[in-house]
Structures are given as C-alpha cells and as structure tokens.
Amino acid sequence: MMMKKSIAGFGWMLFAFASLQGQMIWQTTDSVFGKLPLTFHVYKTTTLLDGKPNIAYYVSALLKDNQLIFSTQVGNGQRYTPSQYFEKENKPLVVVNGTFFSFADNRNLNLVIQQGRFLAFNLPVIKMPKDTTNYYYITRSAIGINKHRKADVAWIFTDTAMRYPYALTNGPSVATGKNPDPEWHSIKKSLSGEKHRKIKWKMETAIGGGPTLVQEGQVEITNNEERMFVGGEGDRHPRTAMGYTKDGRLIILVIEGRHPGIAEGATLQQEALILQQLGCWEALNLDGGGSSCMLINGRQTITPSDKEGQRPVPAVFLIAEHQ
C-alpha cells in the first residue's frame, strides 16, 4: 500500500519521527501454550513502555504454511467471548478479537470476509459534528489475505450490492456528502480529484478495524482521516493490532491495559512503534479496550481489562491447523 503523504498532513509529520524509549525485549513463550506448529511462535514482553508498566504478547505465523488456516467468524447477531468461539469453532490455534461494534444491536462496524464472502460490512458514513445534512464518506482500514496467501492493509469501502469491496491503496477517503447511505459510484466520483488508486479487493479472509498504523515500514497513522479516536490519540488503552512483514509473516499483537501498576496500555503511537520494531511492513489497529483478548490453544495471553473477564464480541479472527 502506497500512502499519499499530503493527505496525512501534520499527523504524519508528528508520528514519523517519534520513537520508543529503547528497544522492546521479547522472550519466546511457545512452551506455555502447548503444542504449536513449527512455523508459528509466541512472544511476550514486560519491557516498560515509555516508563510505564507493560505486558504484551505477539504471535508470528508464516502465511505460506499450507497447514495453517486463516479465517474469521461472526456471531450472526450475537456476541460471544473468545473462549466461546474457541469451543464453537473446534478449538483453533488462535482466537483474537477484531472489529469495532455496536453494543446496542451487536452489529459489526467493520467488514469481515470469510472464504471470499462478506460476513459483515463497513459503516459507510459518519455524521459531521454540528451538521445535520452532511456526512464523512469514510474508508476504514482492514487487513486481508488473498488466495495466494499474501496479506494487504488498505482503506476499504463496502457496498452491499457489490461482490467485492473497493480498496483505496494510497490514502483514506476525506470526502464528504449529503447521502447517508452512499453507493460506490458516488464515493468514486467524490474521490476523483484526490487521485486515489482504487482497486477491487479480492481477499479470501479479511477483518477490519482502524486506524492504519504502519505503511511501507514507516509509522504513519491515519486516525483523523478515518474519523476514529479524534482527540484521543494520546490515551492509553488495551490494544489489539495486526500486520504483516515483507518476508510473509502475519503478526498479531495484544497489549494489556487498565491495570494500574501492572499493565497500563498503549497509545496509538506507541502501538504503531512496537509494530514497526517487529518488522511490520503494514499494520492496523483493531478494537481494543475491554475487547482486547487473544487465546492460543484456548489459553489467554493478556488479562482482559473488563472486571467480568473476556468481553463478548461479534467477530473474531482465527488461525487453525489442518487436521
């Protein structure tokens, strides 16, 4: 994905030259999680995050390993905990939360693709503040894996009338309009002056979130353009993120938070810098906070921040093994 730097503006300049206070130290913890494939590894760090207590895990999985199955699942109007998905989906190797969602009706707010078919669609617009007639035509980040087992992160628009989503590969939409439910042709027309590269995004597996954090190996955060956490960029929270390396490894990162004195979470900037240190060529943020949870062979990595434990979510990303 090639980003158009002029779109990111000041946000890109701010984050591109930031750095963590020292290198994170990661230790292999494969033995904690039972039998694992040879091309799959688990790592943990307790390195202080800019002076604050920190616990984080990441997994690294070889995309070209045909014994690994990369997939997704949704709750079909219900929300389930990651442990419930683990049981329902025949105990896969990895279960991790993904999309943002509505607590009111359990609806996913980001796309989910399974075996090349939509299971959920992106939120198409956000109402502009203090304006009852205009909307932001947003394109939210997603990560996908195609039939050749190559990953991509891009800014996606989904249209329920179309077979495939469309991806903007050099910057998110900053278009606005009056249609609360725009179709792709109107989005495309509104983007014509921005010189966006638009492609059909033919992915076998995909899950969305936002914002994008790393592009072409550089920290470039499109938070404002995606209308995500505007005004809250510096807040520390539990985080879930996903990316991929140039040598074809999928990276899934979870950062524990909201546990004072034990693990205090990360900002978007810190999360992005960690992913860059891990070698991600492209990466994005997924739903965090109380939703952040990753299971490996059914065992928790980070401790979820909700006092009730694992939060039920309407979609997860899965890695399984061929039996």
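Candidates in segment 246-264 are the residues that are of a type outside the set (A, V, I, L, M, F, W, C), touching a residue at least 60 places away in the same chain (Cβ under 8 Å) and under 20 Å from LEU278 (Cα atoms); of these, the one that is surrounded by the most Cβ atoms within 10 Å (Cβ to Cβ) is GLU256. Applying a threshold of 6 Å to beta carbon distances and a minimum spacing of six or more residues, or different chains, the list of pairs starting in segment 143-161 at a residue that is of a type in the set (D, E, K, R) and ending at one that is assigned to a loop (DSSP other than H, G, I, E, B) and at pLDDT below 95 reads ASP159/GLU183. Taking segment 117-142 as the range and being part of a strand (DSSP E or B) and either of a type in the set (Lys, Arg) or on the phi > 0 side of the Ramachandran plot (or both) as the test, the residues that pass are ARG117, LYS127, ARG140.
Take ILE187 and decide whether it is open to solvent by less than 10 Å² (accessible area, probe 1.4 Å), modelled with pLDDT under 95 and within 23 Å of LEU119 (Cα to Cα). Let's see the steps before the verdict.
Values: open to solvent by less than 10 Å² (accessible area, probe 1.4 Å): yes; modelled with pLDDT under 95: yes; within 23 Å of LEU119 (Cα to Cα): yes.
Here the answer is yes, as ILE187 does meet what is asked.
Residues in segment 123-135: is at least one open to solvent by less than 50 Å² (accessible area, probe 1.4 Å) and within 18 Å of the chain's Cα centre (by Cα)? Looking for residues that are open to solvent by less than 50 Å² (accessible area, probe 1.4 Å) and within 18 Å of the chain's Cα centre (by Cα), one finds at least one in segment 123-135, hence yes. Residue by residue through segment 267-323, note down the ones that are open to solvent by less than 40 Å² (accessible area, probe 1.4 Å), part of a loop (DSSP other than H, G, I, E, B) and within 12 Å of THR240 (Cβ to Cβ). ASP287, GLY288, SER292, CYS293, THR301, ILE302, PRO304, SER305, listed by residue number. Could you tell me whether any residue of segment 121-128 is touching an Asp or Glu at 6+ places or on another chain (Cβ under 9 Å), modelled with pLDDT under 95 and of a type outside the set (Gly, Ala, Ser)? Yes: segment 121-128 contains one or more residues that are touching an Asp or Glu at 6+ places or on another chain (Cβ under 9 Å), modelled with pLDDT under 95 and of a type outside the set (Gly, Ala, Ser). Only residues that are within 22 Å of ASN170 (Cα to Cα) and in contact with a strand residue (DSSP E or B) (Cβ under 6 Å, 6 or more places away or on another chain) were counted in segment 121-134, giving 3.
For ILE221, indicate whether it is within 19 Å of LEU295 (Cβ to Cβ) and either open to solvent by less than 20 Å² (accessible area, probe 1.4 Å) or without any contact (Cβ under 8 Å) to a residue 24 or more places away in the chain (or both).
Values: within 19 Å of LEU295 (Cβ to Cβ): no; either open to solvent by less than 20 Å² (accessible area, probe 1.4 Å) or without any contact (Cβ under 8 Å) to a residue 24 or more places away in the chain (or both): yes.
Judged against the criteria, ILE221 is not a match.
If you go through segment 191-215 and keep only what is at pLDDT below 95, of a type outside the set (A, V, I, L, M) and open to solvent by less than 60 Å² (accessible area, probe 1.4 Å), you end up with GLU194, HIS196. Only one entry in ARG149, ARG163 is open to solvent by 20 Å² or more (accessible area, probe 1.4 Å) and under 19 Å from the mean Cα position of the chain (by Cα), namely ARG149.
The values are calculated or read from the model by the stated rules, or taken from the named source; none is laboratory data. What you see is a predicted model; the values in this text were computed from it and never measured. Positions of Cβ are backbone-derived with ideal geometry, glycine not excepted, and every protein chain shown enters the neighbour counts. In case anyone asks, the SASA skips ligands and DNA or RNA and just uses the protein heavy atoms, side chains included. Shrake-Rupley method; radii C 1.70, N 1.55, O 1.52, S 1.80 Å.
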